[in-house]
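**Student:** Below you'll find the structure I mean.
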Amino acid sequence: MRKMIIAGNWKMYKTIPDALNLIRTLKPKLIGEKEVEVIICPPFNALSPLAEILVDSPIKLGAQNMHWEEEGAFTGEISGKMLLTSRVSHVILGHSERRKFFCEDDEIINRKVRKALETGLIPILCIGESLEEREANQTLKVLENQLLQGLSGIEIKDPARLIIAYEPVWAIGTGRNATPAQAQEAHLFIRDLLNRRYETEIANNINILYGGSVKPANALELLRQPDVDGSLVGGASLKAEDFFQIIQAGKEVCN
Ligand code: PGA
């Protein structure tokens, strides 16, 4: 059985005091939370301060990026090994904003996914088509390329070590989410691809999250889709109340 996962991608928002404020509101609401796995991905400098106040909380921490080497002359970069010392368990890789603004291609993303796994971090590998690609009926082709190249040469022995996020680029930060049917279609396709790549037992237990304008008003219908195992939330994760409502929607689907 796949666990429901709700992850918050804060992007380049929140100073350390703002980050602490949000977590101080959210943490007491999630004491003993077992059904839904909650992951917060703040900016790098907030990771350690948040780790300190989350020691006794089920809320997990994720980073938004990492380098594919362990250390070296890479000014401005951070490695998985460094993230581990801030109690980070997850790392978002291949987000469309990284692909677009920082020229990350599938080969770079593949190197990062490999390194994350090697380091003991759980990669949240993001894939998704642009509006142009959707309109040109290229959605499935794009998803196939991004997924297979992102996972090239990677063997998965434990399905809990990998998370995929389907994030249609046209839905990110636009207020225009994929319909539940569009999300389910893409997720099922991704599930089939995973089945081609890995044993059924593994493929069927890898979490596939939906991301793109998820908010309290649409979370429930998206999360109810059989292959939507959670969501990667951007804008709505910046407000404790909205994010908490999305977590509640996840809980409702579990019951
Ligand atoms: P959004 O972002 O929820 O603000 O659309 C999602 C994401 O980029 O992960």
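The values are calculated or read from the model by the stated rules, or taken from the named source; none is laboratory data. If you're wondering where the values come from, they're calculated on a predicted model, not measured in any experiment. Positions of Cβ are generated from backbone atoms using ideal geometry, with glycine treated the same way; all protein chains shown enter the neighbour counts. When the accessible area is computed, the model is the full protein with side chains, heavy atoms only, and any ligands, DNA or RNA have been set aside. Shrake-Rupley method; radii C 1.70, N 1.55, O 1.52, S 1.80 Å.
**Student:** Which one of these is within 26 Å of residue 172 (Cβ to Cβ), open to solvent by less than 20 Å² (accessible area, probe 1.4 Å), within 16 Å of the ligand (Cβ to nearest atom) and not hydrophobic (A, V, I, L, M, F, W, C): 110, 9? Working first, answer last.
**Tutor:** Values: 110 fails: within 16 Å of the ligand (Cβ to nearest atom).
When all the criteria are applied, what remains is 9.
**Student:** Another one. Restricting the search to the range 156-170, which residues are outside any strand (DSSP E or B), under 13 Å from residue 197 (Cβ atoms) and open to solvent by less than 10 Å² (accessible area, probe 1.4 Å)?
**Tutor:** 162
**Student:** State yes or no: is residue 115 crowded, with 19+ Cβ neighbours inside 10 Å and touching a residue at least 12 places away in the same chain (Cβ under 8 Å)?
**Tutor:** Yes.
**Student:** While we're looking at this one, here's another question. Could you grab me the full set of residues in the range 38-68 that are within 18 Å of residue 94 (Cβ to Cβ) and loosely packed, with under 15 Cβ neighbours inside 10 Å?
**Tutor:** Answer for the range 38-68, where residues must be within 18 Å of residue 94 (Cβ to Cβ) and loosely packed, with under 15 Cβ neighbours inside 10 Å: there is none.
**Student:** On to the next question. Mind telling me which of the residues 250, 173 ends up being closer than 15 Å to residue 126 by Cβ and either crowded, with 20+ Cβ neighbours inside 10 Å or within 16 Å of the ligand (Cβ to nearest atom) (or both)?
**Tutor:** On inspection, the qualifying residue turns out to be 173.
**Student:** State whether one or more residues within the range 200-208 are open to solvent by less than 10 Å² (accessible area, probe 1.4 Å), away from the ligand (no atom under 16 Å from the Cβ) and farther than 30 Å from residue 43 by Cα. Break it down into steps so the answer makes sense when it comes.
**Tutor:** Here is the first cut: in the range 200-208, the residues open to solvent by less than 10 Å² (accessible area, probe 1.4 Å) are 203, 206, 208.
In the following step, the residues that additionally are away from the ligand (no atom under 16 Å from the Cβ) were identified as 203, 206.
Subset that is farther than 30 Å from residue 43 by Cα: 203.
Yes, that holds for at least one residue.
**Student:** Same structure, new question: Taking the range 26-67 as the search range and keeping residues that are part of a loop (DSSP other than H, G, I, E, B) and polar (S, T, N, Q), which one is farthest from residue 97 (Cα to Cα)?
**Tutor:** Within the range 26-67, the first condition is being part of a loop (DSSP other than H, G, I, E, B), and the residues that meet it are 31-35, 42-43, 54-59, 64-66.
Remaining after also requiring polar (S, T, N, Q): 57, 64-65.
Numbers: 57: 30, 64: 11, 65: 11 Å.
Filtering first and then ranking leaves 57.
**Student:** Scan (1) modelled with pLDDT of 95 or more; (2) open to solvent by 70 Å² or more (accessible area, probe 1.4 Å); (3) outside any helix (DSSP H, G or I) for the single condition residue 153 breaks and write down its number.
**Tutor:** (2)
**Student:** Hey, does the range 24-41 have a residue that's acidic (Asp, Glu) and under 16 Å from the mean Cα position of the chain (by Cα)? Before you say what the answer is, go through the steps one by one.
**Tutor:** Step one: list which residues in the range 24-41 are acidic (Asp, Glu), which gives 33, 35, 37.
From what's left, under 16 Å from the mean Cα position of the chain (by Cα): 37.
Yes, there is a match, as at least one residue in the range 24-41 is acidic (Asp, Glu) and under 16 Å from the mean Cα position of the chain (by Cα).
**Student:** Further, regarding this structure: Only one of 146, 182 is surrounded by fewer than 20 Cβ atoms within 10 Å (Cβ to Cβ), part of a helix (DSSP H, G or I) and either modelled with pLDDT of 95 or more or within 12 Å of the ligand (Cβ to nearest atom) (or both); which?
**Tutor:** 182
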